[in-house]
Amino acid sequence: MLSNHFENGMDMARLAWSRLPHSEDGELDGVGLLSTSSNRNGVESLDYEVIENYAYREEQAQRGKFFVGYNVAVKWFFALLIGIGTGLAAVFINISVENFAGWKFALTFNIIQKSYLAGFLMYILINLALVFSSVYIITHFAPAAAGSGIPEIKGYLNGIDIPGILLFRTLIGKIFGSIGSVGGGLALGKEGPLVHTGACIASLLGQGGSTKYHLSSRWLQGFKSDRDRRDLVTCGCAAGVAAAFRAPVGGVLFALEEVTSWWRSQLMWRVFFTSAVVAVVVRVAMGWCKSGNCGHFGDGGFIIWDISELGSSLSSCMLTALTFCLALDLLLENFFFFSLSFILCSGQEDYSFEELLPMAVIGIIGGLLGALFNQLTIYVTRWRRNYLHKKGNRVKIYEACLISVLTSVISFGLPLLRNCSPCPDSDPGSEIECPRAPGVDGNYVNFYCGKDKEYNDLATIFFNTQDDAIRNLFSAKTIHEFSAKSLLTFLVMFYTLAVVTFGTAVPAGQFVPGIMIGSTYGRLVGIFTVNHYKKLNIDEGTYALLGAASFLGGSMRMTVSLCVIMVEITNNLKLLPLIMLVLLISKAVGDVFNEGLYDEQARLRGIPLLESRPKYVMRKMTAREACGNQMVLSLPRVVKVADAVSILRSNKHNGFPVVDHTRDGEPLVIGLMLRSHLLVLLQSKIDFQHSPLPSHSRSGSGTIRHNFSEFAKPVSSKGISIDDIYLSSEDLEMYIDLAPFLNPSPYVVPEDMSLTKVYNLFRQLGLRHIFVVPRASRVIGVITRKDLLIEEESEDSATMELQSTSVRGQRHKTRLLEENGADAERPLLNGLLVQNQR
C-alpha cells in the first residue's frame, strides 16, 4: 500500500512538472503516450525473431560444424574491424578538432596583441565558418546525422528501424559535422556523436559497405539478418563510448545499461573485445601524436583527467597489487590480499565524515539541474519542431550561425569584463605555469591583463577548448584559482547556451557540456566547503568531479556505466564511493520530475521505445483487451496474386496470419507471413502457379527456389514496396503457396494473459508480432528444464530420450493428429499484438 502511494506521488510530481505547455499534434499527452501514430514518422519495426520456415531449415541442414566455427570466427573478426574503424574515426575527429581549435586560438592570440577588436572579429569569423560547414553538411547531405544519435540507436536496438540513421552519408556527416560544431566552440560535445559513428561503422561493415557509393565488398556481406546487425551495432555503440572517453569497461556497461534491450553472454565477450581494440588503437595514436606528428594535438584531445598525484601511478600500483595477490592466491586460495595490497598502494581516503553532507548537496543540485535541463530542452525542441524548423533548411542554417555568433561573443566578451588576479606563489618543484597564453593546455590564462604575472580566471574556462576547460576545473591543488563570482557567471551562461544549442541542426553530444556544468557548481560547493571547514586537505577538483557525475546522473539517469566512466577518465579509484553516492542521489531526485534525457528525446521524435518495465495499468489489462476490436487480416495458404496485392495495398501491416483448412473444413492457423517476404515472392514471380491447390506439404517440404538470405531487408531502408513491383494481368491470375515461406511457429499467448506478461515476453525476446488465441482445450505435453538439457555429442537414441512429463496417451494423440491434420485442434486467432503495424 505504501509503495502504491509513493508511486502515485511520483506520477503526480511528473505530471505537475511537465504540464506547462499544452500538448499538440505529435507531442506527448497527459499520460506520456504518443498522441499520434508513429507511422507518420516513417518508423518501422525490425524482425529480430528467427523465421524458422522451410527455407531456413533447409539452409541450416546444409551447414555443418565447420560452418558454425567459421561463423563464430567471422563475428570476432568483425568485432576487430569495428574496434579499429571506430578508434581511427575517433582519432581523426579529435586530431581535427584540436588542430582547428589550436589554430583558432593561436591566430586570435597573435592578433589581440595588437588589437582586441580585430582579434574578436577574427574569433567570431573562424567559429562561424566552422559551424556553417557543419550545419550545411547536415541540412544538405545527411539530415539523420543531426543531434547525438543516441536516441535513434537506442530505438534501433529496441526493435525500431528509422530510415537513414545507419547510412554511409550519415557516417560522413557525423564525422565532419562533429569537427565543425565542436571546433566552432558551440556548447556541445563529440562524445554522443561518436556512439552514433561507431554504430554506423558496425552496420556498414555488416552489410559489406555502401552500394550506393560503390564502396562495397561481397566477402564482408556475411550478416544480413536484423539479429546479426543488432549485435554488430551494439559493438559499435560500446566502441564509440570507449573511444570518446578512453573507457573500454565503461563502453561495455554503457551499451548494456543505456542502449540495448537484449543481451547475452556471447555478445558481452565480443563487445568487450571491441572496446579493448578501441583502447589499443587510441593509445597507439596518442603515443604517435605525442612525438609532434599531429600538429596542435598533444596530450589533449582525448578526455583523461588525473585529479590527484596518485593518478599517474595508479595503474602500475594496481598491476603490482594484482601480481602480489595472485602469487599469494596460489598459497592461500583467496583474494583477500588483493584488497590489502591495494590499500597499501593507494593509501587511506582523505575525506572526512563531515564532507558527506556537501557531497550529498551536490547530488541534490545535480538531480534538480539535470531534470530542469531535460524539461527545458523538451520545450525548446517542441518550439523548434513546430515553428522554426518547418520553414526549411535556410532557417536551420541561420539559427546555427546566430547561436555561433552569440556563443563567440559571450566566450570572448565576458572575460574582458572580469578583473585579472595575481598569479599564486608556486612551489619550486611545481609544474604549474602562470600565466599561460589563451588556447594553451593548462591553467591560469593571461587574457586582457595589464601585468605579466596576472591571469583571468573566467577566460581560463571560457576562452578555451571544452576539454582543456574541464582539465582546469578538475585540476588538483589549485585552490582559489577560480572565484565564486566567475564560476557562477560561467554556470549561468554556459547552462543557457547548452539548452539553446541542444537541438540545432548539427551533431551534438551532451556528455562534455554536462561535465562542464556539473564541475562548475561542484567546484562552487568545494569553495564553500573549504571556507566552512577550514581544512587544507579538501580539494576543489574532487568536488568538481563529483558535480560532473551528479549532473550527468540527474540528466541522463545512468548509474553503473557512468560511475565506471568517471573512474576511468580520472584514473582514480579512491573516488568510487563518492561518485556512487552522488549518482544515486542525483538519479533519485531527477526521477521525481521526468525521465532521462535520451528517453525524453526519443519520445519527442516519435520513437516508440518499449521501456524495461511495463506500465502499472497493464497489470489490470489482458491481451484480448489490448487487441481491442481490431479485425485481423489473414491470408489463405494458397493465395491468388491479385488478392495478395489488394491486401498489401489496403493496409500497412507487416505480418499476416495464414489460415488453412483441415479435412473436416475447420479453419486452422498454420503460421505468420511477413509482408517483406510476400513482396519478395511477388517480385521474383518464380513461385507463381496456375493451380489453386497446394504444391507443397503442410510443413513446406518440397523444392525451394529461394535462398533464405534473399528475404533479408537492406539495412536502414524500407526495402521493397508494393508500388515497385510490376505485375501483368496474367500474373494477377496466378497463385502462390505460402507454406514454405511462412513462420510455422509464431509466439502465441492466451487471450486472458495479463498485458504485463505479454509486454515482458515481447520486449525480452525482441518480437514483432504475437498471436492472441482463445484458451486451449487440451495439453499434448509439458516441457521442463530437464527436457531442454540435450547432449549434442550423444548419437545413441536411448541417451537422447529424456524423462518426459507429457500426459498419458501422447502417442495415441499424435497418431490421431497426423490422421486429421497437424495441429487440427489449434484455435483460431482472437487478435494479433504487433509492435508497429507498419
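Tabulated data
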read-out: Inter-residue pairs, beta-carbon under 8 Å, first not assigned by the TED database to the domain that holds N464 and in segment 104-125, second crowded, with 19+ Cβ neighbours inside 10 Å and among the charged types (D, E, K, R), 6+ apart; value: Y123/K104
read-out: Segment 556-574 residues that are closer than 25 Å to T377 by Cα, paired with ones that are among the β-branched types (V, I, T) and in a helix (DSSP H, G or I) (beta carbon under 6 Å, 6 or more apart); value: C563/I579; M566/I579
read-out: Close pairs (6 angstrom Cβ cut-off, 6 or more residues apart or separate chains): at positive phi in segment 183-208, β-branched (V, I, T) anywhere; value: G185/T407
read-out: Of all residues making up segment 740-786, the number that are in contact (Cβ under 8 Å) with a residue 60 or more places away in the chain, under 17 Å from N53 (Cβ atoms) and open to solvent by 30 Å² or more (accessible area, probe 1.4 Å); value: 3
read-out: Any hit, segment 579-594, residues being assigned to a loop (DSSP other than H, G, I, E, B) and of a type in the set (F, W, Y); value: yes
read-out: Residues that are at pLDDT 90 or above and outside any helix (DSSP H, G or I), drawn from segment 524-557; value: R557
read-out: Residue under evaluation S291, criteria (1) open to solvent by less than 10 Å² (accessible area, probe 1.4 Å); (2) free of Cβ contacts under 8 Å to residues at least 12 places away in the same chain; (3) among the hydroxyl-bearing types (S, T, Y), criterion not met; value: (1)
read-out: Residue within segment 698-717 that is open to solvent by less than 70 Å² (accessible area, probe 1.4 Å) and modelled with pLDDT of 85 or more present; value: no
read-out: Residue in segment 102-121 that is part of a loop (DSSP other than H, G, I, E, B), of a type in the set (S, T, N, Q) and surrounded by fewer than 24 Cβ atoms within 10 Å (Cβ to Cβ) present; value: yes
read-out: Looking only at segment 138-154, and only at residues there that are within 8 Å of the chain's Cα centre (by Cα) and part of a helix (DSSP H, G or I), the one that is surrounded by the fewest Cβ atoms within 10 Å (Cβ to Cβ); value: K154
read-out: Flag for S217 being within 24 Å of A73 (Cβ to Cβ) and modelled with pLDDT under 90; value: yes
read-out: Count of residues meeting criterion [exposed (fewer than 15 other Cβ atoms within 10 Å of the Cβ) and in a loop (DSSP other than H, G, I, E, B)] in segment 616-672; value: 11
read-out: Failed item in (1) in contact with a Phe, Trp or Tyr (Cβ under 6 Å, 6 or more places away or on another chain); (2) in the same structural domain as V445 (by the TED database), with P422 passing the rest; value: (1)
read-out: Condition met for S275 (of a type in the set (S, T, N, Q), under 22 Å from N572 (Cα atoms) and part of a helix (DSSP H, G or I)); value: yes
read-out: Members of segment 624-647 that are in contact with a Pro (Cβ under 7 Å, 6 or more places away or on another chain) and either at positive phi or of a type in the set (A, V, I, L, M, F, W, C) (or both); value: V632, V638
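The values are calculated or read from the model by the stated rules, or taken from the named source; none is laboratory data. Just so you know, these numbers come straight off a predicted model, no measurement behind them. When we count neighbours, we look across all protein chains shown, and the Cβ atoms used for this are built from the backbone with ideal geometry, even at glycine. Quick note on the areas: whole protein, heavy atoms, side chains included, nothing else; ligands and nucleic acids left out. Shrake-Rupley method; radii C 1.70, N 1.55, O 1.52, S 1.80 Å.
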